[in-house]
Amino acid sequence: MDKRIIWLAVGSFTMSTVGFVFSSLLPSIAADTHTTIPHAGHLITLFSLSYAIGAPLLSALAGAADRRRLLVAAMLVFVVGNGIAAMSVSFTTLLLAQIVMGMASGLFAATAQATAVSLAGPEHRALAISIVVGGTTFAVALGAPLGALIAAFWGWRGTFGTVALVGLTCAAMLWLRLPRGLNGTKLTMSERFGAIGRPGVASSLMVTFLYLTGGFMIISYLAPLAIDGAGLSHLALPGLLLAFGVGAVIGNLSSGYLADRLGATRVVTASLISALAVSLTIAFGLHLLTRDFAGLLLIGIMVPWGIVGWAFPPAQASRIVGFAPEVAHLTLSLNASAIYLGIAAGTAIGGRILENTAAADLGFFAALFPVASLAVLYAGLRSHRRRLATAPAE
């Protein structure tokens, strides 16, 4: 495996850290910008929407551009976005910074996966993509808790400033290490989105969207859930994110193993049922237990929650690739957009719920989405089986 792919994973880690560290930054950002936590949640929504839109749109516009220049340019724009966020004096400026960072992250992610495949060769395509995507997992496991810890001592501006420095280092290494003349493949928007029409792909993308929507209704507002709902202190947030991240690594690593032996669909189904159980456990626990025991429950559930949450993406990606292996690069890109659209929707819906009810109620509403995901998954499987049954024999 080409060692240069590691720097693509570092870039993915750097950019994904911003997306996942927000759950611990929202209270301090809201206080400094004189707004509410649900309103501050628009920062996550805007970053995620910009990512989801930026990945296919900017990749199509970039066409056959040199990937080395494109990746470095995307990283530098991301660094500028973090610099703007760190120096912002108004909430509007912060919102603009999220658009810049989200669009740059979407372009980087799509280009990095394609570059990794080019460096590794077709025979190592899956491994190359998993290494780059692994950067996102480590952003959950290490980036988010470290970012929260930095914020605890130097404020949320310190977190953005630190991410900018890491991004600048990564941009320099990408410029020095990646080969010149590695051009991309020009695809139109219709070609990129045409893969949705493949059998099984559209329903799978909807499952991804619904699952992430439910999950991030809670995850995005972990801070008010922990502080207001469970009575924990601000200093507990880095520890909660670290526990969640440890679970995420376990779930991510075990998912592929289990999918190979049990089948990807069974792992996805188990993840959806487990997500439903986690959401209801959090909701009922915060409502029925005293604050001392509710805090212990939330602390205790973080590792299992991380395992459940991050067992889903690899197994779901495997299912989607299995429907149309020849266009895996397109379907995986669409799945990434579905993930970030789900994050955006979950944060937006969760914010509106938080404006009108207690943080402890988020779990009840979030539980509806794994149920909806299971319904769509079941309907998609039935449709696929009917298609296979009616297909003419060769």
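The values are calculated or read from the model by the stated rules, or taken from the named source; none is laboratory data. Just so it is clear, the model here is predicted, and its values are computed rather than measured. Every residue, glycine among them, receives a Cβ derived from its backbone with ideal geometry; neighbour counts consider all protein chains shown. Surface areas here come from the heavy atoms of the whole protein model, side chains and all, with no ligands, DNA or RNA. Shrake-Rupley method; radii C 1.70, N 1.55, O 1.52, S 1.80 Å.
Check the stretch 109-121 and report whether any residue there is among the hydrophobic types (A, V, I, L, M, F, W, C) and either in contact with a Phe, Trp or Tyr (Cβ under 8 Å, 6 or more places away or on another chain) or within 30 Å of Trp154 (Cβ to Cβ) (or both).
yes
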Scan the helices (runs of 4 or more DSSP H) fully inside the stretch 33-145 and keep the ones with 2 or more residues being at pLDDT 90 or above and either open to solvent by 20 Å² or more (accessible area, probe 1.4 Å) or on the phi > 0 side of the Ramachandran plot (or both). 37-40, 42-62, 67-87, 91-120
Qualifying residue in the stretch 183-203 (condition: part of a loop (DSSP other than H, G, I, E, B), at pLDDT below 85 and open to solvent by less than 30 Å² (accessible area, probe 1.4 Å)): yes
Considering residues that are among the basic types (Lys, Arg) and crowded, with 21+ Cβ neighbours inside 10 Å, the number found within the stretch 308-364 is 1
Filter result (crowded, with 16+ Cβ neighbours inside 10 Å and either touching a Cys at 6+ places or on another chain (Cβ under 9 Å) or at pLDDT 90 or above (or both)) within the stretch 251-270: Thr265, Val267, Val268, Thr269, Ala270
Meets criteria (small (Gly, Ala, Ser), in contact with a helix residue (DSSP H, G or I) (Cβ under 9 Å, 6 or more places away or on another chain), in contact (Cβ under 8 Å) with a residue 12 or more places away in the chain and open to solvent by 10 Å² or more (accessible area, probe 1.4 Å)) for Ser28: yes
Six or more apart or on different chains, Cβ under 9 Å: which pairs go from a residue in the stretch 312-325 that's over 18 Å from Gly342 (Cβ atoms) to one that's at pLDDT 80 or above and open to solvent by 30 Å² or more (accessible area, probe 1.4 Å)? Could you list them? Phe323/Arg198; Phe323/Pro199; Ala324/Arg198; Ala324/Pro199
Go through the residues of the stretch 228-243 one by one and say whether even a single one is at pLDDT below 90, farther than 11 Å from Trp305 by Cα, surrounded by fewer than 24 Cβ atoms within 10 Å (Cβ to Cβ) and among the polar types (S, T, N, Q). yes
Can you spot a residue in the stretch 341-354 that is in a helix (DSSP H, G or I), over 20 Å from Phe22 (Cβ atoms) and of a type in the set (D, E, K, R)? no
